[in-house]
Amino acid sequence: MVRSSAAVVLLALASSSTVLADSLTEPCRVADEYLGLAGKLDRAAARLKDRDPFRILVVGSSSTAGVGATSPAKAYTERLEEELEHRLAGVEVDVVARGVGGETAIGAEARLAKELGATKPDLVIWQIGTNDVYRKVDLSTFRATAERGLRDIAAAGVDAALLDPQYVPQDEALYAPYVGALEQLSVATGVPLARRFAAMRAVAKAGGGGVISRDRLHMNDTGHACVGAFLAEALDRKLAPTPPAIAEAHRPT
């Protein structure tokens, strides 16, 4: 599906000459520090410039499978597709979600080659870490598995970005080492990390409303919507950054 309307987010590049400067809406407002993606997505950005259909493969566990959302249409991957098409005007975006409930990084890495071959994506987003926390996967094993998976993706000639776990208030301390390991891996490899954990925590602690379902683990409809919009904004800034002069002209005062 292709839409001619422009973005609904702060400083998003709608076309070569048109910018709309609406920010992420409540309860999804997050600071700029959570929206920047360090690292490189050069191959993905080059594919985007061709204006051909742009396919994103999202590999992950239950949240990527849409668990917690009241319908498949409300999953964060669906929101991501919709939001990116608004931001990247004239580009047909296809987000392919391949989530397996309960899967750890080891399981995801084992099926990466199959998913890459079947999907032939322009970009891979690897949603990683949630189940490794609860299954107490050794941190060194977790990191080595993630490194191996990223090498597999790079060998296929595709760029990758990591999406860390959702924020679960009662288990914040358990998540911290795994989130930290992903941050270190991002710095070491140059693979961008979308900081879902920190962004959701900031929303929750700012009184932005509940983003976790009644099971106290999975994202609810609000959480899925927020993460889809947050991820789309972060990717847009990385893949199609607003020229500095235009960004300055539209900076809120």
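The values are calculated or read from the model by the stated rules, or taken from the named source; none is laboratory data. The model shown is predicted, which means the values in this text are computed figures rather than measured ones. Don't worry about glycine lacking a Cβ; one is built from the backbone with ideal geometry, like all the others, and counts go over all protein chains shown. Areas reflect the complete protein model, heavy atoms only, side chains present, ligands, DNA and RNA absent. Shrake-Rupley method; radii C 1.70, N 1.55, O 1.52, S 1.80 Å.
At-a-glance table
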item	result
Conditions (1) open to solvent by 10 Å² or more (accessible area, probe 1.4 Å); (2) touching a residue at least 40 places away in the same chain (Cβ under 8 Å); (3) under 23 Å from residue 221 (Cβ atoms): number failed by residue 87	(1)
Matching option when the condition is of a type in the set (S, T, N, Q), more than 29 Å from residue 222 (Cα to Cα) and touching a residue at least 12 places away in the same chain (Cβ under 8 Å), among 130, 145, 104	145
Which listed residue is at pLDDT below 95, under 20 Å from residue 54 (Cα atoms), among the hydrophobic types (A, V, I, L, M, F, W, C) and touching an Asp or Glu at 6+ places or on another chain (Cβ under 9 Å), from 240, 229, 194, 198	229
Residue 42 in contact with a Lys or Arg (Cβ under 6 Å, 6 or more places away or on another chain) and touching a residue at least 40 places away in the same chain (Cβ under 8 Å)	no
Segment 178-199: number of residues that are in a helix (DSSP H, G or I) and either open to solvent by 60 Å² or more (accessible area, probe 1.4 Å) or touching a Pro at 6+ places or on another chain (Cβ under 9 Å) (or both)	11
Residues (of a type in the set (D, E, K, R) and either modelled with pLDDT of 95 or more or in contact with a strand residue (DSSP E or B) (Cβ under 7 Å, 6 or more places away or on another chain) (or both)) located in segment 168-191	183
Any hit, segment 109-118, residues being under 19 Å from residue 196 (Cβ atoms), crowded, with 21+ Cβ neighbours inside 10 Å and not acidic (Asp, Glu)	no
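This table checks each residue for (1) in a helix (DSSP H, G or I); (2) farther than 30 Å from residue 51 by Cβ; (3) polar (S, T, N, Q); (4) open to solvent by 20 Å² or more (accessible area, probe 1.4 Å).
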site: 78; (1), (2), (3), (4): yes, no, no, yes
site: 81; (1), (2), (3), (4): yes, no, no, yes
site: 103; (1), (2), (3), (4): no, yes, no, yes
site: 141; (1), (2), (3), (4): yes, yes, yes, yes
site: 144; (1), (2), (3), (4): yes, yes, no, yes
site: 147; (1), (2), (3), (4): yes, yes, no, yes
site: 150; (1), (2), (3), (4): yes, no, no, no
site: 161; (1), (2), (3), (4): no, no, no, no
